[in-house]
Structures are given as C-alpha cells and as structure tokens.
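Read the figures in this text as sums done on the coordinates, not as results from a lab. Predicted model, so just to flag it, every value in this text is computed and none were measured. Heads up, the Cβs are rebuilt from the backbone with ideal geometry, glycines too, and the neighbour counts pull from every protein chain shown.
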Amino acid sequence: MNQEKIGKYIRKIRKDNNLSQEKFAEKLGVTFQAVSKWENGKNLPDMAILKAISDEFNIPIDDIINGEESSSCKNSCSCTTNSKNSNNKYILVIVVLFLILIICIIFLFFNRTSHSNYQINDVETTNNKFKVSGTVIKGDDRTSLIINNVNYTGDDEKIIYKELNCTLYEENNNTKTKLSSCDSSKDSTLIDYLKNIKIKMDHKAVNCPMFSKSNLSIEIVATEEDGKNITYNIPLIIDGNIEELSRAIGKVNKATLAIKDENMAKQIKKIYNGGEIIG
C-alpha cells in the first residue's frame, strides 16, 4: 500500500465533506493528530479505521486502500451528474412551456375583450295589463336576454288559478318558436306567480340575429278550476323606440298638435297642407 497516496486520498475525503481534522477525527473516534499523520503519509490507519471511513462516507474500502477512485465510481458519479443535468433541463422546458401557455391565454383574453362590442337595450311591453323590465345584451358572438320582473296590473288579480304556465316565444316568418319556459304553479293568483318569474337566455352565434327585432313575446296560460284556459300574450319591445312600438301595436307613427284657437288652426292648415283638424 502506498502510504502517501492513501494519506492524500483521506485528505480529499475530509475536504470533500467540508470537515476539519478535529471533526473528521470525532466521527472516527480518533485524535486529530492521528488524522494529520495519515494525511501527511507518516502513518496508516488500521483496517478497522479504514472500514469506518468507508462506512461513514460511503466510499468503497478498495478505493481508500488504492488511494484513488475506481473507474466504476467515476462512471457512476458522471451518470449521476448527467442525470441531474437532464432533470434540470426537463424542469426548465416545462416551466418555459407553462409560461408560454399563460402568455397565450392572457393575449387571447385581452384580444377578445378589446374586439368585442356590446350593446345594451331595455326590454318593455305594449300590453297595458302588464309591466315588464328586462335587458338585452348584444355582442359580436353572443346575445343574452334577461327578464327581471313581470308585473300584472289588471282587474282580476285576486282570482286563484288551478295552474299557471309561462313561456317565452320568438316569432319569425309566421313561425312561433319556444325559447324558454318557467316552472308552473298550482293554486296561485297571477300576481303571486309572476313574483317568482325570472327569464334568462344566452344565445351564442356569430353576428347573432336573435332578439334583434320586436319578435319576442311572453305567453302566460292560466287554467281555471273548470279547466278553461285564459291566455295572456305579452309582446316584448327591445329599446321601446317609436318605430318598433308603432309596428307592435299596429298604428301609424305620427305626431299630433292640439290648437284651441280655430282661426289659428285654419291658418296653420293652409301653411301645412295635409294636416288634420279634429274638433
């Protein structure tokens, strides 16, 4: 055995583990002077000490006796290093891909938001026995209808009906299509039934045409005790503008001017030929 070579290898083991001669000696149960003599090649540890060094630092005893790492150990260390490097690269790739995914999601969200145009319109009715409040939200690819309240203002509000049903319809080209319906109610007045009516619809389509005209209506069917049905039709007007209101109630869009002085009225008629004087 090469005493000097073994001593240098023992020094390498100690320094690789960041130990002073005193700490190294404590682990082996010897004095630091003994450790100093080994490292300087002045003395050799006995086989029991060599085995203790091997067990403590997980180093083959043959490597200590030979004063150098065996080729198998070097290859093993190299493989471990390569494996760690490979794992680090794999983790780095995953992190990069995850960040790219997050960036893409954020980009798509803001891009969609910035290019979406929304129009909000109120929903009303022309049926004077009912009051309707709701909203239509129109987007580039989505239209939502929300009916928050339907109130009855008619005379028979105290009548208890055997059953009540509420349905939302859309009419296009004389074809009536059922869009949504609410839960039915039994043994209830019309007013009490309408308190729980909530209608919400989402329609997803590119350049959505739905709800764009005054073609929606709510139909309430009230069944009396004798089985007779009473149907209430509630036309819905979006935005309630004059043109749509006129079409819905079947009247001509016109303005009326009331003048009490008959002579003045006749003079205005001469100026504005075609006006109508009433009374």
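Listed values, structure above:
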| item | result |
| --- | --- |
| Distance between modelled label sites at Ile102 and Asp187, nm, 7 Å Cα→Cβ extension | 6.0 |
| Proximal charge balance of Thr223 [Cβ under 13 Å; K/R count +1, D/E count -1] | -2 |
| Distance violations [Cα-Cα > 27 Å] among Lys23/Lys51; Lys158/Lys178; Lys138/Lys162 | Lys158/Lys178; Lys138/Lys162 |
| Viscosity 0.890 mPa s, 25 °C: Kirkwood-radius Stokes-Einstein D of segment 3-69 over Cα pairs, µm²/s | 215 |
| Label-point gap, in nm, between Asn173 and Lys12 - each point 7 angstrom along Cα→Cβ | 9.0 |
| Positive minus negative residues near Phe24 (Lys, Arg vs Asp, Glu; Cβ under 15 Å) | +2 |
